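Contents: one structure, followed by commentary.
The values are calculated or read from the model by the stated rules, or taken from the named source; none is laboratory data. Since we're looking at a predicted model, the values are computed, not measured. Counting neighbours? That spans all protein chains shown, and the Cβs are built from the backbone with ideal geometry, glycine included. Accessible surface is based on the protein model in full, side chains and every heavy atom, while ligands, DNA and RNA are left aside. Shrake-Rupley method; radii C 1.70, N 1.55, O 1.52, S 1.80 Å.
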Amino acid sequence: MSATIAALAAGGSIAASARTDLPDRTPRDVLEMVAAHEVEGFSGRLTASVELGLPQLPVEAVRDAEAQDTGAVDARLAELLALVPGTHEARVFADGHDRSRLQLLDGAEEKNLIRNDEELWFYDSVEDRAVHATVPRDGAGHGEASDPWRRDGALPTPERIAERVLDRAEVHSTVTVEEGTADSGRDAYTLRLDPRTDQTLVDSVLVDVDAQTGMPVGIEVRAVGQDEPAVSVAFTEFTPGAPDAGLFDFEPPAGATVEEQTLPDCGQRSDAAGAREDVNREPVSGDRARGEVIGEGWEAVVVMPAGTGPGELAGSALLDELAVEVEGGRVLSTPLLNVLLADDGRVLAGPVPQHRLLEVAAAGTGEE
């Protein structure tokens, strides 16, 4: 589900804004461009927004949750609600799989997430706090498969989100293509995906594909019945090619608080990632998630067992104020995602109508 949520962010429409003289390409041609592109080095500026209808809590609410000891789950949820909605900007730099930098910009505040080969750094300028960790390198755990910064969304670029959205796109969607100019100002093909089912909250997905490189440079998700995008991420500036190597060097400022952390060996993650590819009622394996995906494509529902991962949300007092009581549990609804906190402790989530979550939950208990 994190990937789904993680798959959320950027303001404004990325639909083709101006016609340009590009070679004609079919949807299959453009999908093959994306699959074959080899851009590993680039720099750019991202504008991202999430408008899911969730209440935006002030930072003070997060601090109150922590100060009143309402529990770690409530504190994390308050922080999510405070930071996710709205529009955000970031600068992104990447050079291969082992060097990346994400600068989150919010007025005078800046947060940096940096990977330089084995070294990982996070720095918060407001708190003047740095966190350092080293990526394990022991054979199977080395490389892109074990890289949490590149593979699982620490660089929330359109490319990373599009990887999941475009997988088997033609199987579950009607795909069309237009020519135009992306938000970055570069010539692009715009893929439009329209789900072939009415059992989803997703109305359409637009993906801007850079005409020169084949790299996705913008993605926009629209929810059924909504005029504005629910989720979008787009480069407003994009330059292919390796950035200056010095951008990946980092030393904490004098006087900053530095915390050392130890990362687990991720050597088995490639197996877990492979298990996630099968969305046909197969269990999700791996240490980070123990769940089941029911259904395929836009109708897929993730079911998490009680007491594991997101199952902890069932005990959130803050969530009690946001969720609506239904038969069999509570539902947190947004235009693009519904989450069911079942009475038996399971958590079900997906970009589907509420009735589908209830049907899947009932089927899991043997009820009709």
- Looking at (1) over 18 Å from the mean Cα position of the chain (by Cα); (2) at pLDDT 85 or above, which is the one condition that is false for Ala162? (1)
- Query: Counting just the residues of segment 98-118 that are farther than 20 Å from Phe42 by Cα and in a strand (DSSP E or B), which one comes out modelled with the highest pLDDT?
  - Reply: Glu110
- Query: Condition test on Arg160, is it outside any strand (DSSP E or B), surrounded by fewer than 22 Cβ atoms within 10 Å (Cβ to Cβ) and in contact (Cβ under 8 Å) with a residue 12 or more places away in the chain?
  - Reply: no
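For segment 166-178, enumerate the residues that are farther than 18 Å from Val39 by Cβ and open to solvent by less than 30 Å² (accessible area, probe 1.4 Å).
Ala169, Ser173, Val175
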- Message: What's the number of the only condition in (1) under 29 Å from Met33 (Cα atoms); (2) at pLDDT 85 or above that Val131 fails to meet?
- Response: (1)
- Query: Quick one: how many residues across segment 218-251 are free of Cβ contacts under 8 Å to residues at least 12 places away in the same chain and open to solvent by less than 50 Å² (accessible area, probe 1.4 Å)?
  - Reply: 1
- Message: Of the conditions (1) closer than 16 Å to Gly44 by Cβ; (2) under 18 Å from the mean Cα position of the chain (by Cα); (3) at pLDDT below 90; (4) not polar (S, T, N, Q), Ala182 satisfies every one except a single condition; which number is it?
- Response: (2)
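Anything in segment 334-355 that is assigned to a loop (DSSP other than H, G, I, E, B), modelled with pLDDT under 90 and under 12 Å from Leu201 (Cα atoms)? List them, or say none.
Within segment 334-355, Thr334, Pro335, Leu336, Leu337 meet the criteria.
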- Item | Given (1) touching a Leu at 6+ places or on another chain (Cβ under 6 Å); (2) part of a helix (DSSP H, G or I); (3) modelled with pLDDT of 65 or more; (4) more than 23 Å from Gly241 (Cβ to Cβ), number of the condition Asp29 does not satisfy | (1)
- Tell me which of these Gly309 doesn't satisfy, since it passes every other one: (1) modelled with pLDDT under 90; (2) within 30 Å of Gly44 (Cβ to Cβ). (2)
- Segments classed as strands (runs of 3 or more DSSP E), wholly inside segment 190-268, with at least 1 members that are over 22 Å from Phe93 (Cβ atoms) and in contact with a Phe, Trp or Tyr (Cβ under 6 Å, 6 or more places away or on another chain): 202-210
